[in-house]
Amino acid sequence: METMIAVAQTCLTAYLGAWLLLGVRDNITRPSMNAVGTTEVLELKRLKDAYPEDYALIEGRRVTSRTLQWAAFVFIVCCEVLVCVVLWGAVIWMVLAMSGLADLEQARIAALAGALGFTSIWSGFLIVGNHFAYWYCHQWAQNTHFQMTLWGIGTMVLLAVPQ
(Lines give C-alpha, C1' and ligand atoms only; values in the text may rest on other atoms or scores of the structure.)
Protein backbone atom coordinates (compact mmCIF):
# COMPACT_ATOMS: atom_id res chain seq x y z
CA MET A 1 0.00 0.00 0.00
CA GLU A 2 2.82 2.42 0.82
CA THR A 3 4.27 1.99 -2.67
CA MET A 4 0.90 2.71 -4.30
CA ILE A 5 0.42 5.83 -2.18
CA ALA A 6 3.91 7.01 -3.17
CA VAL A 7 3.09 6.38 -6.85
CA ALA A 8 -0.19 8.32 -6.51
CA GLN A 9 1.59 11.16 -4.74
CA THR A 10 4.22 11.29 -7.47
CA CYS A 11 1.63 11.25 -10.24
CA LEU A 12 -0.50 13.99 -8.67
CA THR A 13 2.57 16.15 -8.17
CA ALA A 14 3.54 15.56 -11.81
CA TYR A 15 0.02 16.47 -12.95
CA LEU A 16 0.24 19.81 -11.14
CA GLY A 17 3.67 20.36 -12.65
CA ALA A 18 2.49 19.47 -16.15
CA TRP A 19 -0.52 21.78 -15.97
CA LEU A 20 1.56 24.64 -14.66
CA LEU A 21 4.34 24.03 -17.19
CA LEU A 22 1.87 24.47 -20.05
CA GLY A 23 0.67 27.72 -18.49
CA VAL A 24 4.25 28.94 -18.08
CA ARG A 25 4.99 28.03 -21.68
CA ASP A 26 2.07 30.10 -22.94
CA ASN A 27 2.77 33.01 -20.59
CA ILE A 28 6.34 33.18 -21.88
CA THR A 29 5.75 32.47 -25.58
CA ARG A 30 2.32 34.15 -25.89
CA PRO A 31 2.13 36.67 -23.05
CA SER A 32 -0.73 38.62 -24.58
CA MET A 33 -3.09 35.69 -23.92
CA ASN A 34 -3.08 36.27 -20.17
CA ALA A 35 -1.52 39.72 -19.87
CA VAL A 36 -4.63 41.22 -21.47
CA GLY A 37 -6.86 39.52 -18.90
CA THR A 38 -4.64 40.72 -16.09
CA THR A 39 -4.84 44.27 -17.43
CA GLU A 40 -8.63 44.10 -17.77
CA VAL A 41 -9.01 43.00 -14.16
CA LEU A 42 -6.59 45.60 -12.81
CA GLU A 43 -8.27 48.39 -14.78
CA LEU A 44 -11.81 47.20 -13.92
CA LYS A 45 -12.49 47.51 -17.64
CA ARG A 46 -15.35 45.04 -17.97
CA LEU A 47 -16.89 46.22 -14.71
CA LYS A 48 -16.92 49.80 -16.00
CA ASP A 49 -18.63 48.76 -19.23
CA ALA A 50 -21.18 46.31 -17.79
CA TYR A 51 -21.90 47.72 -14.31
CA PRO A 52 -21.12 51.45 -14.31
CA GLU A 53 -22.87 52.11 -10.98
CA ASP A 54 -20.85 49.45 -9.16
CA TYR A 55 -17.70 50.51 -10.97
CA ALA A 56 -18.18 54.03 -9.56
CA LEU A 57 -18.11 52.58 -6.03
CA ILE A 58 -14.66 51.00 -6.41
CA GLU A 59 -13.00 52.81 -9.31
CA GLY A 60 -10.31 54.04 -6.91
CA ARG A 61 -8.92 50.49 -6.85
CA ARG A 62 -7.96 50.63 -10.52
CA VAL A 63 -4.36 50.11 -11.54
CA THR A 64 -3.92 52.01 -14.79
CA SER A 65 -0.13 52.18 -14.94
CA ARG A 66 1.06 49.95 -17.79
CA THR A 67 4.34 49.52 -15.91
CA LEU A 68 2.56 48.21 -12.80
CA GLN A 69 0.29 46.01 -14.88
CA TRP A 70 3.27 44.48 -16.68
CA ALA A 71 5.15 44.13 -13.39
CA ALA A 72 2.18 42.24 -11.91
CA PHE A 73 2.12 39.90 -14.91
CA VAL A 74 5.88 39.31 -14.74
CA PHE A 75 5.63 38.63 -11.00
CA ILE A 76 2.92 36.05 -11.63
CA VAL A 77 4.98 34.32 -14.32
CA CYS A 78 8.07 34.29 -12.08
CA CYS A 79 6.04 32.67 -9.30
CA GLU A 80 4.72 30.10 -11.74
CA VAL A 81 8.22 29.30 -12.99
CA LEU A 82 9.54 28.90 -9.44
CA VAL A 83 6.67 26.63 -8.40
CA CYS A 84 7.02 24.62 -11.61
CA VAL A 85 10.70 24.01 -10.86
CA VAL A 86 9.85 22.92 -7.30
CA LEU A 87 7.11 20.57 -8.52
CA TRP A 88 9.28 18.90 -11.15
CA GLY A 89 12.22 18.70 -8.77
CA ALA A 90 9.94 16.98 -6.27
CA VAL A 91 8.70 14.54 -8.91
CA ILE A 92 12.27 13.56 -9.79
CA TRP A 93 13.15 13.29 -6.09
CA MET A 94 10.12 11.07 -5.44
CA VAL A 95 10.99 8.77 -8.35
CA LEU A 96 14.54 8.50 -7.00
CA ALA A 97 13.14 7.79 -3.53
CA MET A 98 10.90 5.01 -4.81
CA SER A 99 14.00 3.56 -6.48
CA GLY A 100 15.77 3.59 -3.12
CA LEU A 101 18.17 6.41 -4.13
CA ALA A 102 16.72 9.18 -1.93
CA ASP A 103 14.64 9.71 1.18
CA LEU A 104 10.92 9.46 0.41
CA GLU A 105 9.84 11.61 3.36
CA GLN A 106 12.08 14.47 2.22
CA ALA A 107 10.77 14.08 -1.34
CA ARG A 108 7.20 14.29 -0.05
CA ILE A 109 8.06 17.47 1.84
CA ALA A 110 9.37 18.99 -1.40
CA ALA A 111 6.21 17.87 -3.23
CA LEU A 112 4.06 19.37 -0.48
CA ALA A 113 5.97 22.66 -0.84
CA GLY A 114 5.33 22.60 -4.59
CA ALA A 115 1.64 21.80 -4.13
CA LEU A 116 1.39 24.62 -1.61
CA GLY A 117 2.99 26.97 -4.14
CA PHE A 118 0.52 25.82 -6.81
CA THR A 119 -2.40 26.34 -4.45
CA SER A 120 -1.03 29.72 -3.37
CA ILE A 121 -0.92 31.00 -6.95
CA TRP A 122 -4.62 30.28 -7.49
CA SER A 123 -5.61 31.41 -4.00
CA GLY A 124 -3.74 34.64 -4.71
CA PHE A 125 -5.75 35.16 -7.89
CA LEU A 126 -8.96 34.61 -5.92
CA ILE A 127 -7.95 37.07 -3.20
CA VAL A 128 -6.58 39.78 -5.50
CA GLY A 129 -9.42 39.19 -7.97
CA ASN A 130 -11.91 39.72 -5.18
CA HIS A 131 -10.30 43.09 -4.43
CA PHE A 132 -10.85 44.03 -8.08
CA ALA A 133 -14.38 42.51 -8.13
CA TYR A 134 -13.49 40.19 -10.99
CA TRP A 135 -16.40 37.96 -10.08
CA TYR A 136 -18.65 40.51 -11.83
CA CYS A 137 -17.28 39.98 -15.33
CA HIS A 138 -14.58 37.31 -15.21
CA GLN A 139 -16.54 34.37 -13.81
CA TRP A 140 -14.76 31.88 -16.09
CA ALA A 141 -11.44 32.97 -14.59
CA GLN A 142 -12.75 32.86 -11.04
CA ASN A 143 -14.18 29.38 -11.62
CA THR A 144 -10.84 28.15 -12.99
CA HIS A 145 -9.02 29.65 -10.00
CA PHE A 146 -11.41 27.89 -7.59
CA GLN A 147 -10.88 24.57 -9.36
CA MET A 148 -7.10 24.94 -9.37
CA THR A 149 -7.16 25.85 -5.67
CA LEU A 150 -9.20 22.75 -4.88
CA TRP A 151 -6.92 20.56 -7.01
CA GLY A 152 -3.91 21.87 -5.12
CA ILE A 153 -5.60 21.32 -1.75
CA GLY A 154 -6.54 17.77 -2.72
CA THR A 155 -2.96 17.03 -3.71
CA MET A 156 -1.66 18.51 -0.45
CA VAL A 157 -4.07 16.30 1.52
CA LEU A 158 -2.79 13.15 -0.22
CA LEU A 159 0.82 14.25 0.25
CA ALA A 160 0.18 14.66 3.97
CA VAL A 161 -1.13 11.09 4.37
CA PRO A 162 0.97 9.57 7.16
CA GLN A 163 2.99 6.49 6.33
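The values are calculated or read from the model by the stated rules, or taken from the named source; none is laboratory data. Note that this is a predicted model, so its numbers are computed, not measured. Don't worry about glycine lacking a Cβ; one is built from the backbone with ideal geometry, like all the others, and counts go over all protein chains shown. Calculation scope for accessible area: heavy atoms of the full protein, side chains included, ligands and nucleic acids excluded. Shrake-Rupley method; radii C 1.70, N 1.55, O 1.52, S 1.80 Å.
Points worth noting:
- In segment 36-62, the residues that are of a type in the set (A, V, I, L, M, F, W, C) and in contact with a Cys (Cβ under 6 Å, 6 or more places away or on another chain): 47, 50
- Long-range neighbours under 7 Å by Cβ, at least six apart or interchain, first residue in contact (Cβ under 8 Å) with a residue 40 or more places away in the chain within segment 13-37, second of a type in the set (D, E, K, R): 20/80; 23/80; 24/80; 27/80
- Residue count for segment 99-114 under the criterion of being open to solvent by less than 80 Å² (accessible area, probe 1.4 Å) and either in a helix (DSSP H, G or I) or under 30 Å from residue 46 (Cα atoms) (or both): the result is 8.
- Residue check, residue 3 of a type outside the set (Asp, Glu) and loosely packed, with under 11 Cβ neighbours inside 10 Å: yes
- Qualifying residue in segment 30-50 (condition: of a type in the set (Ser, Thr, Tyr) and not in a helix (DSSP H, G or I)): no
- Extreme residue, surrounded by the fewest Cβ atoms within 10 Å (Cβ to Cβ), among residues of segment 14-50 that are over 20 Å from residue 124 (Cβ atoms) and among the polar types (S, T, N, Q): 29
- First in segment 71-94 and without any contact (Cβ under 8 Å) to a residue 24 or more places away in the chain, second anywhere and crowded, with 18+ Cβ neighbours inside 10 Å, Cβ under 7 Å, 6 or more apart: 93/107; 93/110
- Residue-level check: of (1) in contact with a Phe, Trp or Tyr (Cβ under 9 Å, 6 or more places away or on another chain); (2) open to solvent by less than 40 Å² (accessible area, probe 1.4 Å); (3) assigned to a helix (DSSP H, G or I); (4) of a type in the set (Ser, Thr, Tyr), residue 123 misses just (1).
- For segment 51-82, a residue qualifies if it is surrounded by 15 or more Cβ atoms within 10 Å (Cβ to Cβ), among the aromatic types (Phe, Trp, Tyr) and under 16 Å from residue 23 (Cα atoms), and exactly one does: 73.
- Of all residues in segment 144-163, those satisfying the criterion of being open to solvent by 70 Å² or more (accessible area, probe 1.4 Å) and modelled with pLDDT under 95 are 162, 163.
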